[in-house]
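Written below as structure tokens is the structure these notes are about.
The numbers here are math on the coordinates, done by the rules we state, and not lab data. Since this is a predicted model, take the numbers as computed values, not measurements. Here Cβ is always computed from backbone atoms with ideal geometry, including for glycine, and neighbour counts include all displayed protein chains.
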Amino acid sequence: MRKVIPFVWFLCFCYFSMEAQETITFKADLVKKELEHVATDDLKANQFYDLKLLGVNTAFVAVVVTTTDYSLTSSTPGLLKSLLLKIPDSGILGFISQESDAPKYGLIYAQSMEHVKKLDSLTERANALYEVSNDNAEFRTLDMVKGIQKKAQLHLRELNQVFNTTADILQPKKVDYDVLRSNVAQSYHYIQSAKHYYKTLLENSDLSIDSSVANELILYSSNLEVLSEAIDLETSLRYFDFLVGATEMKNYEQFPELLKASKDVMEAKITLINTFTNDTIFTKKIDFFTKKGGFKFDFSTGFFYNNLNEKSYYLESQDDGRNRILEENGSNFDIAIGALAHLSYQFKAGLRGGLNAGAAVSPLDGITRYLFGAGVLIGREQLIGINAGASLARLDVLSNSVESENGNLYVPAEITSVPTYKKSKWGIYVGLTYNLTRERKK
């Protein structure tokens, strides 16, 4: 029994060690204005990581961190567009028909105004707390620190009610800062989408509406245009992060469960601000790539070696009244330029492998080769592909009317050109491709 107890303790220790929250730690050098020992380790997908920043005094240094998840996408190469189905775009107009009446248009405007009020409420509370904390920037006493912390917590609880529109008088003791921060971003995006929605309606010449509705749309569009110019997503999120940071005053800053990569790459923007002068000390952007598995879809272009080449022939007259068919001297391979579509499995951030298909055109004969194979893609944001597989092309081959004798080919003397016909032929290909223009999309 005594031997079993230590073993159980050991298992429990290992379990809780594996379950412990992982922390990514940086050290700020305010003199050099840089972050030391920045490691851009890959992140596990959909797992929260704490962000800890050493070397700062939050009594007078505010740390603002904004994270954005991006998907890496590549545009369809022109050669492949004719081979792929076109997918129609969808937008905010998708759920409103051209017969919609004015009240439905006005509903979106009314919702936009509610989101404007929410962001204004955030701005007012952040400015109020900044004025108080700036007056007591050194926080010489513990009471000063606790006073700012309590005010920040109160503002965040109030904002939680504002953004979640909850009528519950009993406010929760703990506010989910991640959810609330997401609500701030959603309010901004709703306003921007509404602005583009009304602008699109007015620019759509096919939309038939009466003059009263048109006047309301112009009013909605102009008001949203003015309001959206005064609203900035980065500023709103910075105000929110300031309120969260003010709830704790230490000689370091830690953001629990801030980093969570759910797409291909997550960009973390770390800004240090001197609250005495309200000046930015420095800003650092760090990319964290996701080491998540799963299937990915990409395009690449490049060069392809293949053994499908169209042979050329000429006729040589014989004494027996026939013409002998002879092959022109030429290469037995071809180099083509084309593109591939890849369906691959991502093993880690910089390596994936899978199937591909595409097409390539030879500059030598102008014939299209269709490619089917497999390969690997190497790289994080820019990709290099090594591919191999089968190639298919329609080539001219000798007609069945050609006579074969002792390994030689003949046609009657009256035939003055080599008879051929088109035939699909299979071969092999090896390709080196690349994609250096992948874009980040939210």
- Task: Go through region 228-335 and name the chymotrypsin sites (Phe, Trp or Tyr not before Pro) that are in a DSSP coil and have 16 or fewer other Cβ atoms within 10 Å of their Cβ.
- Result: 276, 333
- R0 of 22 Å, Cβ-Cβ distance residue 32-residue 52: FRET efficiency to nearest 0.05: 0.70
- At most 14 other Cβ atoms within 10 Å and a DSSP loop assignment: could you name the GluC sites (Glu not before Pro) in region 373-442 that fit? 414
- Task: Report the label-to-label distance for residue 226 and residue 164 in nanometres (one decimal), using points 7 Å from each Cα along the Cα→Cβ vector.
- Result: 3.5 nm
- Query: Among 306, 333, 239, which residue has its Cα positioned farthest towards the positive end of the charge dipole of region 216-341, with +1 placed on the Cβ of Lys and Arg, -1 on the Cβ of Asp and Glu, and the dipole taken about the Cα centre?
  - Reply: 239
- Task: Give the order of 117, 442, 199 when sorted by the count of other beta carbons within 10 angstrom, beginning with the fewest.
- Result: 442, 117, 199
- Message: With +1 assigned to the C-beta of every Lys and Arg and -1 to the C-beta of every Asp and Glu, and no other charges, what is the dipole magnitude of region 279-406 about the Cα centre in debye, to the nearest 20?
- Response: 1380 debye
- Query: Distance from the Cα centre of region 395-442 to that of region 330-391, in angstrom?
  - Reply: 20 Å
- Task: Kindly identify region 295-441 as rounded, prolate or oblate by the Cα gyration tensor criterion: order the square roots of the eigenvalues as a ≥ b ≥ c, call it rounded if a/c is under 1.5, otherwise compare a/b with b/c, prolate if a/b is larger, else oblate.
- Result: prolate
- Once residue 397 and residue 284 are pulled to full extension, the length gained, defined as 0.36 nm per residue separation minus their Cα-Cα distance, is 34.4 nm
- Taking every other residue with Cβ under 9 Å from the Cβ of residue 286 and scoring Lys and Arg +1, Asp and Glu -1, one gets +1
- Give, as ranges by residue number, the residues of region 302-345 whose backbone N falls under 15 Å from the point 7 Å along Cα→Cβ of residue 368. 337-341
- Task: Would you tally the net charge around residue 356, using a Cβ to Cβ cut-off of less than 14 Å, leaving residue 356 out, and scoring K and R as +1, D and E as -1?
- Result: +2
- Query: What's the FRET efficiency of residue 150 with residue 378 using the Cβ-Cβ distance as r and R₀ = 60 Å, to the nearest 0.05?
  - Reply: 0.70
- Work out, step by step, the length gained on full extension between residue 174 and residue 262: first 0.36 nm times the residue separation, then minus their alpha carbon distance; give nm to one decimal. 29.2 nm
- For a paramagnetic label modelled at 7 Å from the Cα of residue 430 toward its Cβ, which residues of region 356-379 fall within the zone defined by backbone nitrogen distances under 15 Å? 374-376
